[in-house]
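See structure below.
The values are calculated or read from the model by the stated rules, or taken from the named source; none is laboratory data. As the structure is a prediction and not an experimental result, all values here were calculated from the model. Cβ coordinates were reconstructed from backbone atoms using ideal geometry, including for glycine residues, and neighbour counts include every protein chain displayed. Remember, those area values only see protein heavy atoms, side chains included, never the ligands or the DNA or RNA. Shrake-Rupley method; radii C 1.70, N 1.55, O 1.52, S 1.80 Å.
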Amino acid sequence: MKNLVEYKIKNLNREKLFAQILEISIIKNINTTDTELSFCVEAKKAKKVENLLNKKQISIISKRQKGVFRFLKSGILRLGVILPIFIFFALALVCNFFVFQFDIVGNSLVQDDEIVQVLKQNNYLGITPKSKIKVFELETELQKIDKVSFASVILRGNTIVINIKEKVYNSEYEDKDGFKPLLSEFNGVITDMAIIQGTPLVKAGQTVKVGQALVAPYVIDTNGQKLNIKPMADIKADVFFTCSKTFSDTKIDYVDTGNIQKFKTISLFNMNIFSNEQQSSFETYRTETKKEFLVNNSLLPIVITYTTHYQQEQVITKNYFEANKQSLIDECGKIARQNIKDYEIIKEEYYNVESNVGLNIVTYTVVVNKSIC
């Protein structure tokens with residue numbers, strides 16, 4: 001199969017043209033229509049033929065390679081695309097039998113370094129075959145760490161996931177026999193205290209927060225001995241229920257203009273193998289993404305991510321605070337009263353308005369005197 005180049009030109013006086021071309025190269029595969037003429041010449045003589053056509057100002061509609069050259073070129077191009085993909089998939093398949101990293105979750109008291117030391121002792125750092133990881137033995141070793149009550153190990157993909165459950169220790173005032181301190185259920189300022197039993201940890205006039213210990217579960221007897229006891233008390237405080245709303249003198253909205261840009265990314269194991277995504281030319285836009293699995297296979301999770309940018313423009317609207325002030329006050333008051341029981345008596349309620357550089361903040365406060373433990 002000879003190497004040929006096919007030319008397609010506008011139809012004209014072909015007999016005279018072919019006579020001149022035959023002086024340069026043989027001519028094959030001649031086809032003609034009312035408006036077009038196509039023919040093939042030897043690839044090594046194509047440059048001279050093309051110079052002749054240009055010299056005679058003949059318009060070349062198309063030009064393409066044929067024969068062995070085209071076959072080899074096409075094959076090389078296909079091989080250049082297929083071979084890297086094949087190598088990539090082969091490596092991905094092999095990598096599926098190894099772990100390269102670890103992830104530790106659930107620990108706050110236990111340091112990561114202590115867990116890493118256990119992994120190091122078992123030679124599980126770096127690239128490790130999954131077949132060599134003994135999950136049960138690793139869990140047992142991790143549970144030997146001080147402050148660890150339970151540990152679970154999961155092999156997920158190329159990662160060792162270590163989930164730690166830490167031991168729970170009693171609080172400063174908690175008794176090991178089961179007695180716990182009385183805790184505040186609200187933020188407020190203490191007004192009255194009636195201690196039935198236990199040791200008070202706060203006093204009237206003091207500000208307390210939710211969860212703060214109010215009465216400890218013990219008493220000190222006349223001999224100075226600490227006696228564990230269930231704390232009991234009636235402690236009341238002024239509790240403040242508040243709600244704030246911010247009102248701007250200008251309202252800024254962003255609306256779609258109708259112009260969009262679409263991009264596509266193909267990934268395998270979170271690594272991109274194809275992407276045409278680029279920086280959006282829109283100055284202001286919103287983005288939507290959609291992911292689809294090309295192959296529903298855990299060994300080859302090929303994911304296509306479609307990204308769409310929607311161009312937006314800014315629309316500014318003037319707002320008038322005075323026209324909306326009362327409705328904001330009423331709305332804040334309604335929200336502030338939502339957590340007040342029907343039988344509770346409101347001691348005081350008031351609102352405050354702060355204005356600064358186009359912003360207006362309405363704060364409504366309802367004060368109720370109630371038991372907090």
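General observations
Yes/no per residue for (1) within 30 Å of ILE196 (Cα to Cα); (2) open to solvent by 50 Å² or more (accessible area, probe 1.4 Å); (3) at pLDDT 85 or above; (4) part of a loop (DSSP other than H, G, I, E, B):
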position	(1), (2), (3), (4)
GLU139	no, no, yes, no
ILE145	no, no, yes, yes
SER149	no, yes, no, no
ILE154	no, yes, yes, no
ILE162	no, no, yes, no
TYR169	yes, yes, no, yes
GLU172	yes, yes, no, yes
ASP177	yes, yes, no, yes
LYS180	yes, yes, yes, yes
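- Among the residues of segment 39-64, those identified as crowded, with 16+ Cβ neighbours inside 10 Å, closer than 16 Å to ASN29 by Cβ and touching a residue at least 40 places away in the same chain (Cβ under 8 Å) are GLU42, ALA43, ALA46, VAL49.
- In segment 283-305, residue least open to solvent (accessible area, probe 1.4 Å) [restricted to those that are modelled with pLDDT of 90 or more and within 23 Å of TYR254 (Cα to Cα)]: THR284
- Yes/no for LYS132 being closer than 30 Å to ILE302 by Cβ, loosely packed, with under 12 Cβ neighbours inside 10 Å and at pLDDT 80 or above: yes
- One residue stands out in segment 223-239 among those that are within 9 Å of GLY198 (Cα to Cα) and assigned to a strand (DSSP E or B): the one that is least open to solvent (accessible area, probe 1.4 Å), namely ALA233.
- Test: ILE252 is of a type in the set (A, V, I, L, M), part of a strand (DSSP E or B), open to solvent by 80 Å² or more (accessible area, probe 1.4 Å) and over 22 Å from LEU182 (Cβ atoms): yes
- Selection within segment 325-373 - under 17 Å from ASP238 (Cα atoms), open to solvent by less than 90 Å² (accessible area, probe 1.4 Å) and part of a loop (DSSP other than H, G, I, E, B): ILE340, GLU344, ILE372, CYS373
- Qualifying residue in segment 328-338 (condition: of a type in the set (Asp, Glu) and under 41 Å from the mean Cα position of the chain (by Cα)): yes
- From the options VAL210, VAL219, residue that is surrounded by fewer than 18 Cβ atoms within 10 Å (Cβ to Cβ), part of a strand (DSSP E or B) and without any contact (Cβ under 8 Å) to a residue 40 or more places away in the chain: VAL219
- Count of segment 231-272 residues, restricted to those that are over 30 Å from GLY333 (Cβ atoms) and in contact with a Lys or Arg (Cβ under 7 Å, 6 or more places away or on another chain), is 0.
- For segment 255-272, the set of residues classified as at pLDDT below 90 and open to solvent by 80 Å² or more (accessible area, probe 1.4 Å) consists of ASN270, MET271, ASN272, listed by residue number.
- Residues (modelled with pLDDT under 85 and of a type in the set (D, E, K, R)) located in segment 84-124: none
- Condition check for GLN65: in a strand (DSSP E or B) and at pLDDT below 80: yes
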